[in-house]
1. Keeping to region 293-319, report how many residues are closer than 25 Å to Val18 by Cα and not in a helix (DSSP H, G or I).
2. Mind checking whether some residue in region 277-287 is over 15 Å from the mean Cα position of the chain (by Cα), closer than 21 Å to Gly186 by Cα, within 16 Å of the ligand (Cβ to nearest atom) and crowded, with 20+ Cβ neighbours inside 10 Å?
3. Taking Lys100, is it charged (D, E, K, R), more than 28 Å from Arg322 (Cβ to Cβ) and in contact with an Asp or Glu (Cβ under 6 Å, 6 or more places away or on another chain)?
4. Can you name the condition, by its number, that Leu103 falls short on among (1) crowded, with 19+ Cβ neighbours inside 10 Å; (2) at pLDDT 95 or above?
5. Do we have any residue at all in region 136-159 that's basic (Lys, Arg), in a strand (DSSP E or B) and over 16 Å from the mean Cα position of the chain (by Cα)?
6. Working carefully through the options Asn295, Asn242, find the one that is buried (at least 22 other Cβ atoms within 10 Å of the Cβ) and within 16 Å of the ligand (Cβ to nearest atom).
7. Are there any pairs, at least 6 apart or on different chains, whose C-beta atoms fall under 8 Å, with the first in region 151-171 and more than 9 Å from the ligand (Cβ to nearest atom) and the second part of a helix (DSSP H, G or I) and among the aromatic types (Phe, Trp, Tyr), and if so, which?
8. Say whether the condition of being surrounded by 24 or more Cβ atoms within 10 Å (Cβ to Cβ) and either farther than 18 Å from His271 by Cα or outside the structural domain of Asp56 (by TED's automatic domain parsing) (or both) is met by at least one residue in region 113-125.
Amino acid sequence: MPNAYISGTGGYVPDRVVTNDDLANDYGIETSHEWIVQRTGIEARRFAPEGVCSADLAVPAAEQAIANAGLDKTDIDMIVFATLSPKHAFPGDGVYLQEKLGLCEVGRFVPAMDVRNQCSGFLYGLAAASSMVQSTMVKNVLLVGGETHSAALDLSTRGRTVASLFGDGAGAVVVSATEEDRGVRGWYLGADGRFADKLCQKVWDMTQRPFIPPAGADTDGAGQVEPELMWAHMEGRYVFKNAVERMVQSLVSACWDQGIDLKDVDLFAFHQANMRINQMVAQTMGIPDDKLIHNIHKYGNTTAATIPLLLAEAEQTGRLTRGMKVACVAFGSGFTWGTAIVDW
Ligand code: UT7
């Protein structure tokens, strides 16, 4: 059985920087830079322009990852796209990315799969991609996390708790087969559907007729959606507490499964939902600051894109180099969570 390793990384964020002050001044949200920084560590995020979707953001990230892997896009055997902000209800963004990369125009119709595991999407995708590579059915999987949150944020005081957290971006890796002694050593995934409603966006509901219930009894339903369906709902404190617990537990479980000590890990790429969550996990586990990488201060929470963006930037800056042992850890809506241990 070959090993599955990350042969290339790439990342892309849209140009427009939206600071905390911009949320207050440009959108009129009753908030402050101090409140957001103190509670979350977020200083700014990126917003994509209207007309741009997650698959568009994924194109430059994917091209960079493929080039860094020393491959051509025609070497890609499979696309896995993790997102909670696809362009449409269906199809998923995987096929849009495939078409944008021109992978249906080269005589090969590269299969494209979508992963719906929100902030844990990249790790669920990595588990799928590495398993496919190890099965020998494919050699190179393009795994992307891409998000366009800005289109679906309630950018008003009513929505400030959620709206101040999220940003747009895409990260990509190529997962490739190798006979070398390196790669994805193992992954530990978990989910608890009892808490599905604690963090969700129910913009439609297939149990209802019509499936998008009209906002008012006197409307015909067109273009009207109740705010509580339209915008994401989050029980922030409950999510925070569970995030810390599950990230700690999955990291311990993954290390136990691998027979390694936490001290053997050189670099920790934690999901970027809240700097305080990551600090609490690190404190609980006794992880020193210099082993953690962050991007939440400049990008906010980019859900499925956070970990591949972190990996891409760490490689570019020389922070992540061949031979390092990396632990990627995430928690998010579902609830879903996971840890992957990777020998770079
Ligand atoms: O990717 C995984 C998913 N997400 C997470 O992991 C997020 C987990 N949760 C959190 O990070 C935190 O719960 C938040 C940062 C979202 C919120 O922090 P908090 O300390 O739990 O605040 P809170 O929701 O209890 O709100 C406290 C107050 C409220 O005002 P009142 O009711 O006390 O008057 C909020 O309305 O802060 C208010 N508030 C804000 N004030 C200024 C909420 N958001 C804002 C804001 N600016 N952006």
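1. 7
2. Yes - at least one qualifying residue is present in region 277-287.
3. So Lys100 does not fit the description; no.
4. (2)
5. No, region 136-159 contains no residue that is basic (Lys, Arg), in a strand (DSSP E or B) and over 16 Å from the mean Cα position of the chain (by Cα).
6. The match here is Asn295.
7. The qualifying pairs are Gly167/Tyr299; Gly169/Tyr299; Gly171/Phe122.
8. No, region 113-125 contains no residue that is surrounded by 24 or more Cβ atoms within 10 Å (Cβ to Cβ) and either farther than 18 Å from His271 by Cα or outside the structural domain of Asp56 (by TED's automatic domain parsing) (or both).
The values are calculated or read from the model by the stated rules, or taken from the named source; none is laboratory data. Keep in mind it's a predicted model, so treat the numbers as computed, not measured. Backbone-built Cβ (ideal geometry, glycine too); neighbour counts: all protein chains shown.
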